[in-house]
Each structure stands twice: as C-alpha cells, then as structure tokens.
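Written below as structure tokens is the structure these notes are about.
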Amino acid sequence: MKNIKIRPANPSDAPLVGQLVGQLLYEIVPDHYGPEMVAKWKAMAANLLEQGTIWAYLAHDGDEAVGVITLHECHAIYAGGAFGEISELYVAPDYRSLKVGEQLIKAATSFARDRGWRFLEVGTGEQPKWHRSLAFYKRQGFVEIGPRLELKT
C-alpha cells in the first residue's frame with residue numbers, strides 16, 4: 001500500500017495543480033485539450049490560487065503529486081447563500097483503486113464545513129459514458145440532482 005498524504009495547495013503549487021488538471025482535461029476530451037496546453041493550465045492555476053478564487057488539495061505519494069481536487073464558492077438563493085462546487089478532481093490512473101479520490105473528497109468536505117458551506121456540488125461527464133465517475137461520487141454520498149449543461153458566451 002502506498003503512503004498517500006493529502007495537503008492544501010498554495011500558489012507555489014500552481015505548476016503541480018495545472019499539470020494534474022491538464023492531465024484530467026486531456027483524458028476527458030483529448031480532441032480539445034492536448035499536452036501542449038499544460039503551460040496555459042499552470043498559468044491559470046497560478047492566477048486563480050493567488051487570487052483566492054479557487055482552493056485546491058493535492059495528493060502525494062512521497063514527492064510525487066498523484067491527485068488534485070479544486071473547489072470554488074458559488075452563491076444561490078436555493079442554497080441559502082454560499083455553497084461549494086468541485087471544479088476538477090483528478091487521480092493518476094495507477095492510484096485510482098487506492099482510495100485517493102475518496103481522501104480528496106474528505107479533505108474538500110472538511111474545507112466546505114470550515115467555510116460554512118451547506119453542501120458541495122459536482123458535475124460528471126455525459127452519461128452513460130462517464131458512469132464510473134457518477135458511481136464514484138454516489139459512493140461518496142453525493143445524490144443526483146439532474147444534468148448540468150453549458151452555454152458558451
């Protein structure tokens with residue numbers, strides 16, 4: 001069993017956060033996001049972490065970063081004010097059966113409670129293609145509230 005440690009990311013961790021989010025995006029939609037975009041994701045991670053617009057937790061196996069979760073705050077009337085949303089969650093393939101994702105969700109849940117968020121929301125990929133992601137979140141206690149859609153502006 002590997003010795004996984006979860007820790008909050010800070011702005012100096014932006015290269016790791018950007019790299020891992022880049023791996024997630026390339027895995028999900030390789031036709032749109034390729035390895036050549038990693039510099040862009042690292043810069044975006046640096047900007048957002050520095051501004052405090054997002055928060056992140058990293059999973060490490062020794063010195064190697066093997067997972068990341070990013071969060072941001074949303075506000076809505078139905079939510080009674082502020083709530084949290086998981087923006088990205090990625091675990092390296094070799095670590096997916098080792099409960100790293102579960103540990104990242106637990107860190108995010110604790111952070112959410114500390115911020116006073118009543119709940120966390122997350123989106124999954126289109127079903128049924130991403131049924132494993134949906135099943136993972138349900139095992140963590142999430143319940144389906146409907147599909148999420150995007151409109152480019």
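Points to keep in mind about this one:
- Taking θ as phi - 60° and the Karplus parameters 6.51, -1.76 and 1.60, the scalar couplings of the range 70-75 work out to 10, 9, 9, 9, 10, 9 Hz in sequence order, x denoting glycine and proline.
- Rounded to the nearest whole angstrom, the semi-axes of the ellipsoid equivalent to the range 77-153, taken from the Cα gyration tensor as √(5λ), stand at 21, 18, 11, largest first.
- Ordering of 57-64, 121-128 by packing [mean C-beta count within 10 Å, highest first]: 57-64, 121-128
- With all pairs of different C-alpha atoms in the average, the Kirkwood value for the hydrodynamic radius of the chain is 16.1 Å.
- Cut-off 11 Å between beta-carbons: net charge of the residues surrounding residue 83, Lys and Arg +1, Asp and Glu -1: -1
- Among 17, 91, the order by Cβ neighbours within 10 angstrom, fewest to most, reads 91, 17.
- The chain - charge dipole about Cα centre, Lys and Arg +1 at Cβ, Asp and Glu -1, debye rounded to 20: 460
- Checking the cross-link pairs 106/138; 5/106; 42/138; 42/106 against a 19 Å limit on the alpha carbon distance flags 42/138; 42/106 as lying beyond it.
- Fewest-first sequence of 110, 87 by Cβ atoms within 10 Å of each Cβ: 110, 87
FYI, it's all coordinate maths here, none of it is from the lab. What you see is a predicted model, and the numbers here were worked out from it, not measured in a lab. Here Cβ is always computed from backbone atoms with ideal geometry, including for glycine, and neighbour counts include all displayed protein chains.
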